[in-house]
Amino acid sequence: MAVKKLDRFVLKSFIGPVIFTFFIVLIILILQFLWMYVDELAGKGLDFKILAELLYHFALTFVPMALPLAILLASLMTFGNMGEYSELTALKSSGIPLQRIMRPLIVFICFIAIVSFVFSNNVLPYSTAKARTLLYDIRRKKPDINIQEGTFYNGVPGFSIKITSKDPVTNRLDKLIIYDHRNRSGNTSVIIADSGYMKTSSDGTGLIMDIYNGYALNEIPEKNVMPDDRRYPSRTDYFKKQTFVISLTGFDLERSEEGLFKSNVATKNISQLTHDIDSLNKKYTDRINNQFNDFSKNKIYYNKVLAQRYVIEGNTDTFKKVTEFNVKVLFDSISLIERGTVLATAIENIEDASSVLSLKNESLHYDVKNIKRYEVEWNKKLTMSFACLVFFFIGAPLGAIIRKGGLGTPAVISIFFFVIYYVISLSGQKMVEEDVVGTFAGMWAASYILLPIGIFLTYKATTDSVIMNIDTYLVFIKKIKDYLYRIIIGGPTHQSAPDQN
């Protein structure tokens, strides 16, 4: 009964912080996304529904990354609080080891890791496809028309507009200068008006511009006139009211089909990635075999040509050696004059063959990099789930050692380890994609580097190590200082004098 109470107590102490930290990390990642794409989202006049949909799908893509960091932070907070309030000391004094205290959380983290994998394999590809498609549509959307005072606005297709002032209540525009570029002939048509209004048509497909009390100045093109003889004739038309209707194609958000990014590796699950990797490997193997067969056929054909040449010339004694492609026999059998020509031709053939082989090698290397991209995505779905366990075995014992709860110290330590994990993972991924290291060695590097650290910290926490106690290091530094002082000076160490009493 006491054991069940212990398990409930540990789980209750952990679940609250892990939910809290998960949403904090998720919000931070969403804010980072907004910071990266704020220039592409601003000024597009997006509805709140569209923006909420974009953030929702991108938030789902951040879940596999947010879970390990949340577990690390929550583990530090939970065991730090238990150590700070002497709850771990009380449990250990009752004969309960640290591994037994961690056992319910290990089972719970394994469950979270499985859920994370299922999420990455099923929900993540769909959310990634939806998020990228919507972001692509937003990028294509033109910014809303927002003419500022005193500057030329080029957002209206075919026009460059400048206004002196704008009434925010009536939307009246004063002192307009409009350059008409629809004919693509430069600044040859300009309209100057006293005032005007702009509004969108009832169906939203056009922009209606009414301008009042002005004139239009249009240059008349001259034909068959030398540049020095041009007189730049023009025509001026005065008006009291003139109306423009401008198409707003591209200003609305046009939704693309959901399968736009279906071929991207990030939108595939394990089964699809496995099928694609097998297909790409088979295609790569067939390509290598075909190139090798082509090379072998060319070599055999070249040997037959040489053999036939010697048979025709009557050199049947060397026929067997020729078919065996004996270079020395062939070279010795020709005259001195022909040898120079043969060597020059051979050098030219070697250079051509080297260029061909270089191009084929680059093409094959590109195929290998493409295969590695699929293998990276396949392994990433597993490494992010396994990272939940890795970070727990780092956070839980480290929290028990430092015995500091709250959000301050655990946050700093969590960020430190997460940065290390992220740098190692990113470096390993880049090396795998460049085919520098194997897929397993590169993609799992962060896991098999940090997991031994977690096991070591668990051992130290079990033995009540003072590895994180600053006084331990101060005493060690003082001993080193005294030892060096005794060696260099040759005098007594800086120790307190014995009590004379």
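Each row is one residue, and each column tells you yes or no for (1) under 26 Å from residue 404 (Cα atoms); (2) touching a Phe, Trp or Tyr at 6+ places or on another chain (Cβ under 6 Å); (3) modelled with pLDDT of 90 or more.
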| residue | (1), (2), (3) |
| --- | --- |
| 431 | no, no, yes |
| 439 | no, no, no |
| 457 | yes, no, no |
| 460 | yes, no, no |
| 474 | yes, no, no |
| 483 | no, no, no |
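Considering segment 151-196, and only residues there that are in contact (Cβ under 8 Å) with a residue 40 or more places away in the chain and in a strand (DSSP E or B), the residue that is surrounded by the fewest Cβ atoms within 10 Å (Cβ to Cβ) turns out to be 159. If only one of 381, 297 is surrounded by 10 or more Cβ atoms within 10 Å (Cβ to Cβ), part of a helix (DSSP H, G or I) and either touching a Pro at 6+ places or on another chain (Cβ under 7 Å) or at pLDDT 80 or above (or both), which one is it? None of the others qualify; the one that does is 381. Determine whether segment 78-89 contains at least one residue that is assigned to a loop (DSSP other than H, G, I, E, B), over 14 Å from residue 397 (Cα atoms) and either of a type in the set (Lys, Arg) or touching a strand residue (DSSP E or B) at 6+ places or on another chain (Cβ under 7 Å) (or both). No: zero hits. Out of 352, 367, one residue alone is surrounded by fewer than 19 Cβ atoms within 10 Å (Cβ to Cβ), charged (D, E, K, R) and either closer than 27 Å to residue 459 by Cα or touching a Phe, Trp or Tyr at 6+ places or on another chain (Cβ under 9 Å) (or both). It is 367. The residue pairs whose first member lies in segment 63-89 and is in the same structural domain as residue 457 (by TED's automatic domain parsing), whose second member is among the basic types (Lys, Arg) and assigned to a helix (DSSP H, G or I), and whose beta carbons are closer than 9 Å, counting only pairs six or more residues apart or on different chains, are 64/380; 64/381. Candidates are the residues of segment 145-176 that are over 37 Å from the mean Cα position of the chain (by Cα) and polar (S, T, N, Q); the one that is farthest from residue 196 (Cα to Cα) is 151. Taken residue by residue, segment 253-261 has no member that is within 42 Å of the chain's Cα centre (by Cα), at pLDDT 75 or above and among the hydroxyl-bearing types (Ser, Thr, Tyr).
The values are calculated or read from the model by the stated rules, or taken from the named source; none is laboratory data. Here the structure is a predicted model, which is why all the values come from computation and not from measurement. Please note: Cβ atoms are built from the backbone with ideal geometry, for glycine as well, and neighbour counts cover all protein chains shown.
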